Amino acid sequence: MNIVSKIAKESSITFVGMLYGNINRYLYTAILARWVGIEFLGIYSLANAIMIIIEMISKMGLETGVMRFVSRLDIETQKKEIKLVIQSALKMAIIFSLILSILLILFSSLLVQLFNGSYLFKITLIVFACSIPFNVLTLISAFSTQGFKLLKYKVIITQLFNPSVLLITMLLTFNLISKEMAIILPIPITGIAGCFAMFFILKKLVVINMQSIIKSKFNNNLLKYSIPLMLVSILQVLMHWMDILMLGYFTDTTTVGLYHPAARTAGLLQALLLSFLSIYAPTISELDSKKQYIEMEKIYKLVTRLLLTFSIPISTILILFPTKVLLIFGPEYMTSSTVLILLTLAAFFQTIFGPAGPLLSMSGYTNIVFINSLIAFVLNFILNFILIPNFGLIGAALSTLISMVLLGIARTIEVKIIFNFSFLSRSLLKPIISAIFLISIILFIRPFILSYHTLITLLISLFLTLFVYTIFLFLLKLEPEDKDFLNGLIAFFNKKIKYSND
């Protein structure tokens, strides 16, 4: 199987898993929004944002570091080295996550005052803090398996098992206990269950146990590589949740609750991006170690084009039918339709420019990646500080859009300067031309279907979007790499057929 087919197969595994996971999380948010109300949803959103930021600091970039180090070692002849790298990563993660969890609990009262929260917000923060070490160990273990270029284990736990546990636990706690417990308990229960499940899988690939992890030494090279990535990750997560945090600071949890469904919906595009990057990143790392720069550029161009191709239908639905999409959460969230449009545009550009970031980091240019993220973070903070007090929800979304676009352009220019790689090609015109025809047709049909029930409107628009867009893509002819990609998809379903484009 060539590299393109390998990317197709492995990214398909991730996408199917992330599709399931995101549907579960989307249902989780939608049901929670309807059952507990805007204020409680805002409490959950703020506490979740803080927890994720602390998790990102606790990981110290080790998830990317361990994936890169393992992917460069031979799994047959360097088993001992792989074992030492993973053990060291897990030990460092355990120590730092425990320290930061304790600090979060100690400073929970201060955070409640800062974000105009309530006693329930404090309790939620403390409980979420206890789940951080389990979440961090789950992610480090998952990325360790990804270093073997095996994505199924990470997908099984993080995208199938955990979201299912999260949704089921929320349904049970709401109906059997209370709505307060519905926002408090699902996160720690999911974290503990996912941690044990992921560690059990990791032990099947590498012979490790808790005792060997505790006795292991810090890998200074791993830490040296990972620290800049930790700073990058912190900045990226802070920027991702900046709008939520600053809305909480300038307004209240009710406003945050109105913003969260739009942010969650636009975030669906990230599933597409992460599906490709999950195999793209270790592949780029391997090619870079072998100095195969021609192949690196080919993969860079291909993944960018595929991301553009697949992101267009999703973005079209979210941008042209924002009110209908938000009605899934309840009529009170319809006022956030403009926010959804802006955040979808931000996620769209983030997806298209996405491959440039891992290309820089996997090639060792972590300091440049850090500087990019730092500048984008400062810009995002300043924009939020200026725009939120004046424009509220729309100001937060606009800040995210501007920051994401400028960050993506900067990374793309740097890839051009350092590697002389460009993602531009004639083949990019095909999805763009198809998108123009698609949007024209959907705009013509939209007035006739808007009066239908929300689900009927969305189903019709989804079917028409996929059908029309696919037809135009095939009329414009597939690229040779597309055939390899389709073969990889076929391999995913364990079917072997011949594809002809005569």
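Between Lys152 and Leu172, the modelled label-to-label distance comes to 2.8 nm, taking each label 7 Å out from Cα in the direction of the beta carbon. Remark: segment 263-346 carries a charge dipole of roughly 120 debye about the Cα centre, counting +1 on each Lys and Arg Cβ and -1 on each Asp and Glu Cβ. Dividing the summed helix terms, -39500 (n - 2.57) for each DSSP H run of n ≥ 4, by the number of residues in the chain produces a 222 nm estimate of -28000 deg cm²/dmol to the nearest 500. Kirkwood analysis of the Cα pair distances in segment 171-311 returns a hydrodynamic radius of 19.9 Å. In this simple spin-label approximation, Asn116 and Ile460 carry label points 7 Å from Cα along the Cα→Cβ vector, and these lie 4.1 nm apart. Placing a pseudo-label 7 Å from each Cα along the Cα-to-Cβ vector at Tyr452 and Phe474 gives an inter-label distance of 2.2 nm. The value for the chain of Rg(Cα) / (2.2 N^0.38 Å) is 0.96. Among the chymotrypsin sites (Phe, Trp or Tyr not before Pro) in segment 151-243, those located in a DSSP loop and surrounded by at most 13 other Cβ atoms within 10 Å of their own Cβ are Phe218. Relative to the Cα centre, the charge distribution of segment 215-296, modelled as +1 at Lys and Arg Cβ and -1 at Asp and Glu Cβ, gives a dipole magnitude of about 440 debye. Using only side-chain charges placed at the Cβ, +1 for Lys and Arg and -1 for Asp and Glu, the dipole size of the chain relative to its Cα centre rounds to 1220 debye.
For segment 18-176, the convex hull spanned by the alpha carbon atoms encloses 109 Å³ per residue. Computed with a 1.4 Å probe over protein heavy atoms only, the accessible surface of the chain comes to 43 Å² per residue. Along the chain, counting only trypsin sites (Lys or Arg not before Pro) with a DSSP assignment other than H, G, I, E or B and at most 12 other Cβ atoms inside a 10 Å radius, the longest segment between sites is 1-216. Taking a ≥ b ≥ c as the square roots of the Cα gyration tensor eigenvalues, segment 256-404 comes out oblate, since a/c reaches at least 1.5 and a/b does not exceed b/c. What is the sum of charges around Ile86, taking Lys and Arg as +1, Asp and Glu as -1, for the other residues whose C-beta is under 12 Å from the C-beta of Ile86? My count for the surroundings of Ile86 gives +3.
Across the alpha-carbon atoms of segment 405-456, the computed radius of gyration and Dmax are 18.4, 52 angstrom.
The values are calculated or read from the model by the stated rules, or taken from the named source; none is laboratory data. Since we're looking at a predicted model, the values are computed, not measured. FYI the Cβ positions are ideal-geometry reconstructions off the backbone, even for glycines, and counts take in every protein chain you see. Note: areas computed on protein heavy atoms with side chains; ligands, DNA, RNA excluded. Shrake-Rupley method; radii C 1.70, N 1.55, O 1.52, S 1.80 Å.
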